[in-house]
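In what follows, a single structure is set out as structure tokens and then discussed.
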Amino acid sequence: MQMGLSKTANSQAGFTLLELIVVVAVLGILVAIAVQQFQLHRARAIDASMRSDLKNAALAMESYYGEFLAYPATESAIRMVGYRKTFGVSLAISVPTPSTFTLTASREHGSQPSFTFDSSTGLIN
């Protein structure tokens, strides 16, 4: 009768070292995948902010042209007609001819360094 009691008293509850190593390895793999996905989504969000700024700036350029019959060459001029840029996005304006303009938005950590809007085609590259 006493033998059964001593056998259960010697058994220990807990995890083995191998089980703990496996759990840590699985968690490490999951964290590596999550960090990659986070960086991908962050780059896409930065790209979207650059594209949005280009669309808003193009609309402001056309609005300015409607009022003054000329495209502005500075960002401060399109701010007068309502353009508000996103924090961290740099905008460059080029007016090669009186009837066309090119806008370039850039920001670090996007999937590409900059996007360009060409008024002659109406496309963002």
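Structure summary
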| quantity | calculated |
| --- | --- |
| Where Gln12 falls short, out of the listed (1) among the polar types (S, T, N, Q); (2) at pLDDT below 95; (3) surrounded by 15 or more Cβ atoms within 10 Å (Cβ to Cβ) | (3) |
| Near pairs, Cβ below 6 angstrom, 6+ apart or cross-chain, from the range 70-87 (free of Cβ contacts under 8 Å to residues at least 60 places away in the same chain) to any residue that is assigned to a loop (DSSP other than H, G, I, E, B) | Ile78/Pro72 |
| Which numbered condition Asp53 misses (of (1) part of a helix (DSSP H, G or I); (2) exposed (fewer than 14 other Cβ atoms within 10 Å of the Cβ); (3) of a type in the set (Asp, Glu)) | (2) |
| Check on Arg84, under 22 Å from Glu108 (Cα atoms) and among the basic types (Lys, Arg) | yes |
| Leading residue by the ranking (nearest to Ser49 (Cα to Cα)) among those in the range 82-103 that are surrounded by fewer than 17 Cβ atoms within 10 Å (Cβ to Cβ) and under 22 Å from the mean Cα position of the chain (by Cα) | Thr86 |
| Ala60 being modelled with pLDDT of 95 or more and over 15 Å from Ile124 (Cα atoms) | yes |
| Test: residue in the range 96-113 that is in contact (Cβ under 8 Å) with a residue 60 or more places away in the chain, in contact with a strand residue (DSSP E or B) (Cβ under 9 Å, 6 or more places away or on another chain) and hydroxyl-bearing (Ser, Thr, Tyr) | no |
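The values are calculated or read from the model by the stated rules, or taken from the named source; none is laboratory data. Since the structure is predicted, the reported quantities are computational estimates derived from the model, not experimental observations. Ideal geometry is used to build each Cβ from the backbone, glycine not excepted, and the neighbour counts take in all protein chains shown.
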